[in-house]
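The values are calculated or read from the model by the stated rules, or taken from the named source; none is laboratory data. As the structure is a prediction and not an experimental result, all values here were calculated from the model. Cβ: placed from backbone, ideal geometry, glycine included. Neighbour counts: every protein chain shown. Areas reflect the complete protein model, heavy atoms only, side chains present, ligands, DNA and RNA absent. Shrake-Rupley method; radii C 1.70, N 1.55, O 1.52, S 1.80 Å.
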Amino acid sequence: MLWTTLPGANCENPAPDLSAIADLKASFAEEGYAVFAESGRIDGARAVVIEHSDPGAGTFDVEAAIDHFRATENDVIATFAMPVFRWRSGVVELEGGERLFYFDDEVIEPFPRRTCIVEGIGWDEFRNWERRDTEHPLRTFCTAQLRQQRDVQSKRDRERWKDLPPIRAKEI
């Protein structure tokens, strides 16, 4: 949203569209984030799948999911999206110097309502997760739990929609 306009003739920064930013933030769900699954500690690291199961509550906000994960621990300094490996992923820098990574490797869904947050690993480990010749136990955990969350969410959605009238196609 900050980069929707081009710099001026002398490369001065454009004024951000603050109304668009406010509209985006207003569309995010504020409550309802929950832990779907937690890995436990593996070599000092852990992974947690955070979900928001109510599709009517607003857009999934990865920063709100991170806040839910961190609770009252170190404050988040910055989050950076890293759309690499065909994942929806990113890195989080915390006040105490720690770094978190988050990702969802099933980007076929248009509006996913979960993310896997990993703490206690370094850049090298996270970078190598997409290599075909390596397998990390936290990556395996995240992949399995993200799939399970998708299946659980599908069941929730079917239950929510079961009493709605069927969709009818209009003949052309």
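Is it the case that the stretch 42-57 has a residue that's in a loop (DSSP other than H, G, I, E, B) and of a type in the set (A, V, I, L, M)?
No: the stretch 42-57 contains no residue that is in a loop (DSSP other than H, G, I, E, B) and of a type in the set (A, V, I, L, M).
Would you mind stating whether residue 29 is modelled with pLDDT under 80 and small (Gly, Ala, Ser)?
Values: modelled with pLDDT under 80: no; small (Gly, Ala, Ser): yes.
In short, no.
So, in the stretch 43-58, of the ones that are at pLDDT 90 or above and surrounded by 13 or more Cβ atoms within 10 Å (Cβ to Cβ), which residue ends up farthest from the chain's Cα centre (by Cα)?
Our first condition is that a residue be at pLDDT 90 or above; within the stretch 43-58, this holds for 44-52.
Narrowing further to those that are surrounded by 13 or more Cβ atoms within 10 Å (Cβ to Cβ): 45-52.
Working: 45: 19, 46: 16, 47: 13, 48: 11, 49: 9, 50: 8, 51: 9, 52: 10 Å.
The extreme case among them is 45.
So which of 125, 63 ends up being open to solvent by 70 Å² or more (accessible area, probe 1.4 Å), in contact with a Leu (Cβ under 9 Å, 6 or more places away or on another chain), modelled with pLDDT under 90 and among the charged types (D, E, K, R)? Show your work before the answer.
Working: 63 fails: in contact with a Leu (Cβ under 9 Å, 6 or more places away or on another chain).
Within the list 125, 63, the selection yields 125.
I'd like the residue in the stretch 128-149 that is open to solvent by 70 Å² or more (accessible area, probe 1.4 Å) and assigned to a helix (DSSP H, G or I) and, out of all such residues, is modelled with the lowest pLDDT. Even if it seems obvious, please write down each step before you answer.
Going through the stretch 128-149, the residues open to solvent by 70 Å² or more (accessible area, probe 1.4 Å) turn out to be 131-133, 135, 147-148.
Retained after the next criterion (residues that are assigned to a helix (DSSP H, G or I)): 147-148.
Working: 147: 91, 148: 94.
Ranking the candidates gives 147 first.
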